[in-house]
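Only one structure is covered here, and it is reproduced in the block below.
We did not get these values from a lab; they are worked out from the coordinates using the rules stated. As the structure is a computational prediction, the values presented were derived from the model and not from experiment. Glycine gets a Cβ as well: all are built from the backbone with ideal geometry, and neighbour counts include every protein chain shown.
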Amino acid sequence: MKQQQSGLNFYEKLFVREHKPRSILITGASSGIGKSSSLLFAALGDQVTATARRLDRLNDLKAEVERENLPGALLPVEADVTDPDAMRRAVALALAEYNRLDVLVANAGIGHRGALVEADWADLETVLRTNIDGVIHSVRAAVPAMRASGGGYIVLISSILGPVPGPYAAVYSASKAAVDALGRSLRGELRADRIGVSVVHVGQTRTEFAEKRLGYPGQVATRWPTLQPGEVALAIAHALERQPRTLSARTIDSLFIWAGRRFPAIMDRLLTRVYR
Ligand SMILES: NC(=O)c1ccc[n+]([C@@H]2O[C@H](COP(=O)([O-])OP(=O)(O)OC[C@H]3O[C@@H](n4cnc5c(N)ncnc54)[C@H](OP(=O)(O)O)[C@@H]3O)[C@@H](O)[C@H]2O)c1
């Protein structure tokens, strides 16, 4: 038995270890990584406030939590991350339901593919407003509630294109580089409030992201290794446990970031060929 227990990997331990239920607000919970994270935390017994614009999807998610008899709870809240009032309302509803807020997972985001100069400004603006302003509004709404709860934790969902920008994805990459910068600044800024911050660098994941991206929508590139959203959800749970400054869900994503920093000229040429 002892051997079996010590043989458990981190993720298996996560499921066998008991913890106090946490009140967790997740943005972009209507699909992909946010949806998988909501289900994972409800399965771990946490109290989830699931936010997005598509309330019907969030109501289906609540029904799934109940149907599966998961030990946690899920509160669906319609909220657009680009609207600061909506994010403040979402936090107020989380507090009314669960009396505290322990964790924010700022996950909502949208992609863009295409040459910067030819792209529609409206599309680029949507990416900037959603991926940068959306994270800022979410953090600004959540932090006062976390302070009142005696501390908390923030996980910001970035991309491997944050540290290693991709050609023909300039504004999306820039938006995720901004998320990286926000995470690093906030980690220092919120330490005194006992609020920790991690940034997750996500690699290609099988969600609605590729087909919904603005500019040139596409599909998940099957020739590249692809994550399942549940694997990213586990990385987010890992971030809450280990509280690293940054993390990736897979070694290959960490290698990509390392190579992009160490060999920028080679990686830029490679990425230009791939992204064109
Ligand atoms: N999939 C990938 O390959 C990949 C790679 C790197 C990083 N990421 C990052 O991972 C995060 C999650 O993406 P995903 O792959 O799970 O994509 P997804 O399946 O398309 O989910 C995106 C989520 O964001 C929400 N959202 C978009 N705009 C919003 C807005 N204005 N207000 C509130 N919610 C909004 C969507 O909900 P509603 O439309 O219902 O509002 C949806 O729930 C994003 O930040 C993305 O940049 C993804």
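Restricted to Cα positions, what overall size does segment 224-275 have along the principal axes? Three whole-Å values, descending.
Per principal axis, max minus min of the Cα coordinates gives 37, 22, 13 Å.
Excluding A63 itself, what net charge comes from residues whose Cβ is under 11 Å from its Cβ, given Lys and Arg +1 and Asp and Glu -1? If you can, show how the numbers build up before the last one.
Details: positive: R57, K62, R67; negative: D56, D60, E64, E66, E68.
Taking every Cβ under 11 Å from that of A63, the sum is -2.
With each pseudo-label sitting 7 Å past Cα toward Cβ, what's the A92-E211 distance in nm, one decimal?
Spacing of the two 7 Å Cα→Cβ label points: 3.7 nm.
What is the sum of charges around A43, taking Lys and Arg as +1, Asp and Glu as -1, for the other residues whose C-beta is under 11 Å from the C-beta of A43?
Details: positive: none; negative: D46, E64, E68.
That sum, taken over residues with Cβ under 11 Å, equals -3.
Apply the Karplus curve 6.51 cos²θ - 1.76 cosθ + 1.60, θ = phi - 60°, to the phi angles in segment 22-36 and return the couplings in whole Hz, x for Gly and Pro.
These are the phi-based 3J(HN,Hα) values: 10, 8, 10, 9, 10, 8, x, 8, 7, 7, x, 5, x, 5, 4 Hz.
With a ≥ b ≥ c the root eigenvalues of the C-alpha gyration tensor of segment 122-164, is it rounded (a/c under 1.5), prolate (a/b larger than b/c) or oblate?
Values: a/c = 5.67, a/b = 1.80, b/c = 3.16.
Oblate is the answer for segment 122-164, as a/c is 1.5 or above yet b/c matches or exceeds a/b.
How many Lys pairs in the chain lie less than 25 angstrom apart by Cα atoms, where the lysines are 8 or more positions apart or on different chains?
So the count works out to 10.
Give me the Kirkwood hydrodynamic radius of segment 140-228 in Å, from all C-alpha pairs, to one decimal place? Write out the running numbers ahead of the final one.
Working: mean 1/r = 0.0681 Å⁻¹.
Computed over segment 140-228, the radius equals 14.7 Å.
So which GluC sites (Glu not before Pro) in segment 82-136 are both in a DSSP loop and have at most 14 other Cβ atoms within 10 Å of their Cβ? It would help to have the intermediate numbers written out before the result.
Values: sites: E97, E118, E125; in loops: E118.
Loop-located and lightly packed - E118.
Quick query: amide H of S248 versus all other amide H atoms, modeled in the peptide plane; which residues come in under 5 Å with a sequence gap of 5 or more or a different chain?
H201
Pick from A233, A174, A221: which is most flexible by mean-square fluctuation in a GNM of the chain where alpha carbon atoms under 10 Å apart are linked?
Looking only at A233, A174, A221, the largest GNM fluctuation is found for A221.
Divide by every residue of the chain the summed helix terms, -39500 (n - 2.57) for each DSSP H run of at least 4, and state the resulting mean residue ellipticity at 222 nm, rounded to the nearest 500 deg cm²/dmol.
Working: 12 runs with 137 residues, N = 276.
My calculation for the chain gives -15000 deg cm²/dmol from helical runs alone.
Who wins for biggest fluctuation among I33, I154, I195 in a Gaussian network model of the chain, springs between alpha carbons below 10 Å?
Answer for the Gaussian network model of the chain: I195.
Using a 10 Å cut-off around each Cβ, can you sort K176, K62, K35, K212 from fewest to most neighbouring Cβ atoms?
Values: K176 31, K62 17, K35 26, K212 12.
So the residues, fewest neighbours to most, are K212, K62, K35, K176.
Tell me the Kirkwood radius of the chain: reciprocal of the mean inverse pair distance over distinct alpha-carbon atoms, in Å.
Numbers: mean 1/r = 0.0526 Å⁻¹.
Value: 19.0 Å, from the Cα pair sum.
Once you've got the GNM for the chain with C-alpha springs shorter than 10 Å, pick whichever of V155, V81, V117 has the biggest mean-square fluctuation.
The residue with the greatest mean-square fluctuation here is V117.
Could you pull out every residue, at least 5 positions away or on a different chain, whose amide H is within less than 5 Å of the one on I110? Hs are placed 1.01 Å off N in the peptide plane, and Pro or chain starts have none.
Those qualifying (amide H under 5 Å, at least 5 residues apart or on another chain) are N131.
List the residues whose amide H sits under 5 Å from the amide H of I154, counting only those 5 or more places along or on another chain, with H placed 1.01 Å from N in the peptide plane.
Hits under the 5 Å cutoff: L104, G196, V197, S198.
Net charge near Y275, counting Lys/Arg +1 and Asp/Glu -1 over other residues with Cβ under 13 Å of its Cβ? Numbers along the way, then the final one.
On the way: positive: R113, R213, R269, R273, R276; negative: D268.
That works out to +4.
Mind giving me the nanometre distance, one decimal, between the label points for R147 and I252, set 7 Å out from Cα along Cα→Cβ?
4.4 nm
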